[in-house]
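Structure first, commentary second.
The values are calculated or read from the model by the stated rules, or taken from the named source; none is laboratory data. Predicted model only: the values in this text are computed from it and were never measured. Here the Cβ positions follow ideal geometry from the backbone for every residue, glycine too, while neighbour counts run over all protein chains shown. To get the accessible areas, we keep the full protein, side chains included, count just its heavy atoms, and leave off ligands, DNA and RNA. Shrake-Rupley method; radii C 1.70, N 1.55, O 1.52, S 1.80 Å.
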There are 2 protein chains.
Amino acid sequence: MGASKINIHTKNHNKIAKIAKVFAHPARVAILYYISKKESCICNDIVDEIGLSQATISQHLQVIKNAGLLKGQFKGKRLCYCIDIKKLNEFQDVMNRYFIKTQVNSC
Amino acid sequence: MGASKINIHTKNHNKIAKIAKVFAHPARVAILYYISKKESCICNDIVDEIGLSQATISQHLQVIKNAGLLKGQFKGKRLCYCIDIKKLNEFQDVMNRYFIKTQVNSC
DNA sequence: ACACATTATCGTAATATTGCAATATTATAT
DNA sequence: ATATAATATTGCAATATTACGATAATGTGT
């Protein structure tokens with residue numbers, strides 16, 4: 001065994017876990033933060049900033065992108081990523097609803 | 001190599017990743033939800049409820065406990081876990097602060 | 001102290017994630 | 001069309017996570 005048994009859990013719980021996974025690595029946390037700080041963002045800049053190889057950064061960007069958190073456009077020669085605020089807010093809502101629900105019967 | 005390079009990131013970003021990791025597995029999401037629903041919680045009940053082995057549930061509980069989210073007491077013969085609301089709220093705040101910060105320059 | 005029930009830990013196997021070098025792809029500008 | 005720069009993908013190695021059976025440890029009640 002060893003693989004996650006995602007099929008035994010509810011849709012909502014799997015969704016929460018999926019969202020949390022995006023933020024479960026400091027590199028991705030840092031990348032998202034960096035993108036949010038720059039008006040137009042370029043991958044090579046991130047490589048310099050974060051201190052991981054271009055390949056690794058690109059991989060992390062894919063994870064973030066697959067979660068639907070990024071919109072990308074080419075601006076001149078370079079790729080400009082920006083954070084999809086709608087998706088980010090949705091993520092925040094999902095997490096907060098879970099946090100609030102989980103507060104019942106706490107101590 | 002393959003191991004996470006946590007040393008190259010900021011303290012705050014590592015903290016966020018650590019918190020998110022707790023919720024990054026559906027079993028842990030489900031366990032926390034279950035504990036919050038029951039007034040007094042017993043591990044064996046969780047095993048029946050979630051559908052994973054006792055050893056696996058115990059492992060997940062350790063992860064949640066190590067994050068500081070659980071308080072445990074013995075009630076009669078059985079261990080009663082409850083969610084530490086203070087810690088949970090702290091986690092929620094950390095995540096929300098990050099969400100809010102990350103909304104700058106989004107699109 | 002002893003039996004019983006519950007929870008934790010150990011050992012092991014399978015899968016997933018992380019990271020990088022090398023290579024391929026893509027887009028822009030000339 | 002070609003050269004150039006930026007980004008994505010591939011292949012591989014190392015580490016981490018997930019899961020479970022077996023066993024150990026812990027606490028309760030008699």
- Message: Sort B:96-102, B:64-70 by the packing proxy (mean of other Cβ within 10 Å over each peptide's residues), most packed first.
- Response: B:64-70, B:96-102
- Query: What percent does the relative contact order of the stretch B:15-102 come to when contacts are Cα pairs within less than 8 Å and at least six residues apart?
  - Reply: 28 percent
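Can you give the average number of partner chain beta-carbon atoms within 10 Å of each beta-carbon in peptide B:57-67, as a whole number? Don't skip to the answer; put the middle values down first.
Working: counts 0, 0, 0, 0, 0, 0, 0, 0, 0, 0, 0.
Mean partner shielding for this stretch: 0.
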- Query: Other chains' Cβ within 10 Å of A:14-24 residues: what's the mean?
  - Reply: 6
- Message: Compute the helix-to-body angle for B:85-102: its Cα long axis versus the longest principal axis of chain B, expressed 0 to 90° and rounded to tens.
- Response: 30 degrees
- Compute the normalised compactness of the stretch B:15-102: alpha-carbon radius of gyration over 2.2 N^0.38 Å, N being the residue count. 1.12
- Protein accessible surface hidden between B and A, which excludes ligands and nucleic acids, total in Å², probe 1.4 Å: 4400 Å²
- Message: Between B:ALA55 and A:LYS38, what is the label-point separation in nm under the 7 Å Cα-to-beta-carbon projection?
- Response: 4.7 nm
- Query: Looking at the protein assembly as shown, what % of the alpha carbon pairs are farther apart than 30 Å?
  - Reply: 28 percent
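Given a 1.4 Å probe, how much area per residue of the stretch B:15-102 is accessible, in Å²? The partial results should precede the final answer.
Working: 4280 Å² over 88 residues.
With the other protein chains kept in place, the stretch B:15-102 gives 49 Å² per residue.
First compute the accessible area of chain B with a 1.4 Å probe, then give the percent of it belonging to carbon and sulfur atoms. All intermediate terms of the calculation are to be shown ahead of the outcome.
Working: 2940 of 5810 Å².
About 51 percent, which is the carbon plus sulfur part of the accessible surface.
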- Item | Spin-label model distance (nm) - A:LYS15 vs A:GLN62, 7 Å beyond Cα toward Cβ | 2.6 nm
- Message: Averaged over its residues, how many other protein chain Cβ atoms are within 10 Å of peptide B:91-104's Cβ atoms?
- Response: 5
- Message: Between helix A:54-66 and chain A, what is the angle of the helix's C-alpha long axis to the longest principal axis, kept within 0 to 90° and rounded to the nearest 10?
- Response: 50 degrees
- In nm, one decimal, shortest first: how far is the label point of B:ARG97 (7 Å from Cα along Cα to beta carbon) from the matching points in the other copies? 2.6
